[in-house]
Amino acid sequence: MESLARRKPFFTPLLFRKIHKWVGLILGLQFVLWTISGAVMALLDMEKVGGHAAAPSAASSSAWPATLAPPPLPGPVDGLLLRRVVNRPVYEVTDRSGVRLLDAQTGQQVTVDRTLAEQVARSAYHVSAPLKQVTRLEKANLEARDHAGPMWRLDFADADNSSSYVSAVTARPLVTRSDTWRTWDFVWMLHNMDYVNRKSFNHPLIIFVAFGTLWLSLTGFYLLFKSFRRREFRWVLGPWRPEAR
Amino acid sequence: MTAIRWPLLVRRTHKWLALFVGIQVVLWTVTGFYMVTVHIDYIHGDHLVRPAPGGAFSPSNLVKPTEVVASVPEATELRLQRLLGKPVWRAETSKMPVLIDAQTGTKLAPLTQAQVEAAARSVYTGDPTIVSTKLLTEAPLEMQTRKPPYWQVEFAGWNRPTLYISPTTGELISRRHALWRVFDVAWMLHIMDYDERSNVNNPLLRVATWSAVAMALSGAWLLFWSIRWRKKKKA
């Protein structure tokens, strides 16, 4: 083999075979993980994974009550909304002190307690399963990582172990996660190699490995042309006269 | 019958699987490399826009939300925002949102082309030269599932930066540029959904991915087999 390589030019199939083997040895594990995690993500039903679309709106189409009062706001605000929390009209006020909800009929501040959070989650995500546990989070956990601020986590006793997240400030439904999503998120982590936040696919590690893997696939593709003989295609191409090698 | 020659069998499996999915594996690694290299925030065009100029509101001097719901009873939600600097109430309805002048209480007509261009320029960070402004009633491919009508405002530049503006509220709906469009093609090739570019559960992808798993595992087997085989030969 070696004497053969010496007589031939530098760019020989042997060189490419060596590159293919060495890159395979160093980065092969991640390549295997990419194929497996990709295949699992292709299998997991997108609809069940969910979480990609914006949270469903909990707005109802019933008429506004006649008892609606203007917001009791003497000073300037950065933002003002009139909306409904389940069926209750509220003002969502943003000013220097942050965001708060005011009842649009009485003007009193609305606290998003666990009962209200449960009503919001049930109406937004159409859950009828019994509630297992309610937790207040001051900061988002890994599952609700796309959202900020304090929130309620509501775990339901359904088949897919759904957890719904509701903002403790605005009472908006944020996101709902299930075991299918959790499986998906784990393999997505293997795919994007962001083992801490599971979010970024633009970090130096993945760029380095992806660059190396380009060599694995390109040399492999080249070697395809060097690894087959015509007789191996006799079953499709039919018999052939002896090769003129 | 002789015993199965595993190395030969696995090598053949690896080779034939590679022949079957090789082109797709090359496409996966090439498109994957593009997607990890160009930052997703850049792809999303975050650099093309800035927040619309704002400032605080004084609700006591403006039309009351109670008056707005009286004139637009079908509103499901009201939001105080700005249209080209002026305060407006945006009323969400089951159809298109409606804008109400927050100083006079009158319903505002859909934006004119000049207003749309002004709104686009107020958020665009690059060269403010507009190449074309069109009101679209059919969604172009790059707007995916977003429902028209909207204005398409294209700015001058090699990457053809394009902002999509709401015809009733003047808000920025979406932004696109050349690298986003390349990313979209890369994504299409990566997930092998050539029609909608969004279905990651299509049968073609499932067959190709599991074939790639078998190809990768047979390759890994060959690698470890070849290492052990060499040691034995030397010993």
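Tell me which residues, restricted to segment B:1-34, are assigned to a loop (DSSP other than H, G, I, E, B) and among the basic types (Lys, Arg).
Taking segment B:1-34 as the starting set, the residues that turn out to be assigned to a loop (DSSP other than H, G, I, E, B) are B:1-5.
Hit for segment B:1-34 is B:Arg5, nothing else.
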Write out, first by first residue and then by second, each pair whose Cβ atoms fall under 6 Å of each other, whose residues are 6+ apart or on separate chains, and whose first residue, in segment B:178-204, is basic (Lys, Arg) while the second is at pLDDT 95 or above and crowded, with 16+ Cβ neighbours inside 10 Å.
B:Arg197/B:Met188
What's the number of the only condition in (1) of a type outside the set (Gly, Ala, Ser); (2) within 19 Å of the chain's Cα centre (by Cα); (3) more than 7 Å from chain A (Cβ to nearest Cβ) that B:Leu27 fails to meet?
(2)
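If you scan segment B:35-63, which residues turn out to be in a loop (DSSP other than H, G, I, E, B) and crowded, with 18+ Cβ neighbours inside 10 Å? Break it down into steps so the answer makes sense when it comes.
Of the residues in segment B:35-63, the ones in a loop (DSSP other than H, G, I, E, B) are B:38-39, B:44-45, B:50-56, B:58, B:62-63.
Of everything in segment B:35-63, those that are in a loop (DSSP other than H, G, I, E, B) and crowded, with 18+ Cβ neighbours inside 10 Å turn out to be B:Gly45, B:Leu62, B:Val63.
Condition check: of a type in the set (Phe, Trp, Tyr), away from every other protein chain (no Cβ under 11 Å) and assigned to a loop (DSSP other than H, G, I, E, B). Does B:Tyr164 satisfy that? Working first, answer last.
On the way: of a type in the set (Phe, Trp, Tyr): yes; away from every other protein chain (no Cβ under 11 Å): yes; assigned to a loop (DSSP other than H, G, I, E, B): no.
Criteria not met by B:Tyr164.
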Of the numbered conditions (1) hydroxyl-bearing (Ser, Thr, Tyr); (2) touching a Ser or Thr at 6+ places or on another chain (Cβ under 7 Å); (3) at pLDDT below 95, B:Thr29 fails exactly one; give the number of that condition.
(3)
Filter segment B:37-63 for residues that are polar (S, T, N, Q) and at pLDDT 95 or above and give the result.
B:Thr37
Can you name every residue in segment B:137-174 that is closer than 23 Å to B:Arg197 by Cβ and touching a residue at least 60 places away in the same chain (Cβ under 8 Å)?
B:Pro161, B:Leu163, B:Leu172
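The values are calculated or read from the model by the stated rules, or taken from the named source; none is laboratory data. The structure displayed is predicted, hence computed values, not measured ones. All Cβ positions, even for glycine, are placed from backbone atoms using ideal geometry, and neighbour counts span all protein chains on display.
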